[in-house]
Amino acid sequence: MIDDSGDRKSGTATAHVGKQYLGSVGKIDRGVVTVTTCWADERVYYPVHARPYTPAHHFPQGKKDPGFQSKLQIAVALAAQAKAAGLVFRAVAADCAYGDHDSFRAGLHAAGLAFVMALKPRHGTWSYGTDAYTPVDAAHALTWTDADHPGDWTRIERTFRDGHTATWWAAEARLGWWGPDGNVRLVVATTDPATLPAKATWYLATDLPRPGSPRVAASPYLPADLAEIVRIYGLRHWVEQSYKQVKDELGWADFQVRSDTAIRRHQTLVNCAFSFCWNTWFAPPPPASVDPTPEPDTPSRAAERGRDRTSSAPTALLAPRDPGRPWLAGALEHAATLLASLDSPASTQRTPGTDRRRRHRQTS
């Protein structure tokens, strides 16, 4: 999965700061944008690489400077880096911010990476006369009567992580040189082929060949049917929703450093913490420790006037013994709380209880 994460940062002394679109605030503002890659399947996802994007004004020659790289170029480089590191993945998935660019798809193809990515419904392309000019035009050209007479559409049953299922419909469309047997396929997936609702319709470009296509013999990739194309792109949505929530809880944007090295170090630590949380989520629970029973207060001391009545810290947040070195108390409990949102659409909740004022590092 390829995405970018933009966070507001003021001033001019911080590396990578520039006026650009920031997804966290939904508008153009001054901040830092980082291109990220994430490995995912239906069960789990892990952050892989992150690289801050440096706006052109930081370079002497602007965009013509040899050191300048666009977000698209960074994304291709990170995907290739993941492959070189030995990660195995079926395809690169990205939203229309990347999928609409021919240069990005060409870069992935040159790197030997298959892709499944979204297009804007009105992303125009060259066409003959009355031929389809945009993905939505191509979708309207497909035949459909009803669920019993689907025409060009194929029923797809999507299974979500919480166990519920939903019926979608997918079809191969034609747009310019794109088609079922072309170098790039245009796949339309929707909940309603008759109306193509904007919030429940995907227009996907992929270079994975269609089963039975003449391209299968020459393609370096195994064929993928409509269900698999929809499955691959469908992973991006739940990853993006929960991934950003957890990153925010772990302090992705809460850095007060200025140099490039320090920013990258902070982001690496957040990614390591995120991976630790996943590891804890799937690890068996640790054995319960037996705490010694505290001695009850004597009546005379309990009745002593002016005694401090502050309650003790919850035992779940204290180390059961001398750890021999400073460490994060209650790390296992916090990790489970951070990941609780992954099984429901609700926002990530903070750790309940009286420890809210003890959110900083506790040491023995």
Mean Cα-pair separation over length for region 1-72, i.e. relative contact order, pairs under 8 Å, 6 or more apart, %: 26 percent
Whole-Hz ³J(HN,Hα) from phi, Karplus 6.51 cos²θ - 1.76 cosθ + 1.60, for region 267-283, glycine and proline x: 5, 5, 5, 5, 4, 5, 5, 4, 5, 4, 4, 4, 4, 5, 4, 8, 6
Check: region 92-249 dipole with +1 on Lys, Arg Cβ and -1 on Asp, Glu Cβ, in debye: 280 debye
Packing-based order for 32-42, 257-267, using average beta carbon neighbours within 10 Å, highest first: 32-42, 257-267
Cα-derived Rg to Rh of region 217-280, Kirkwood definition: 1.20
Label-to-label distance, nm, for residues given as Lys19 and Asp146 (7 Å Cα→Cβ offset): 5.7 nm
Per-residue ³J(HN,Hα) for region 44-49, Karplus 6.51 cos²θ - 1.76 cosθ + 1.60, θ = phi - 60°, Hz, x for Gly and Pro: 7, 9, 9, x, 10, 9
Per-selection metrics, region 92-249 (Cα): Rg and Dmax in Å: 15.7, 53
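So for region 92-249, averaging the separation of alpha carbon pairs under 8 Å that are six or more residues apart and normalising by length, what relative contact order in percent results?
The normalised contact order for region 92-249 reaches 20 percent.
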In nm, spacing of pseudo-spin labels at Thr154 and Arg265 (7 Å Cα→C-beta vector): 5.2 nm
Phi-based couplings in Hz for region 179-187 (Karplus 6.51, -1.76, 1.60; Gly and Pro marked x): x, x, 10, x, 5, 10, 9, 10, 10
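The numbers here are math on the coordinates, done by the rules we state, and not lab data. Predicted model, so just to flag it, every value in this text is computed and none were measured. No Cβ is skipped: glycine too gets one built from the backbone with ideal geometry, and neighbour counts run over all protein chains shown.
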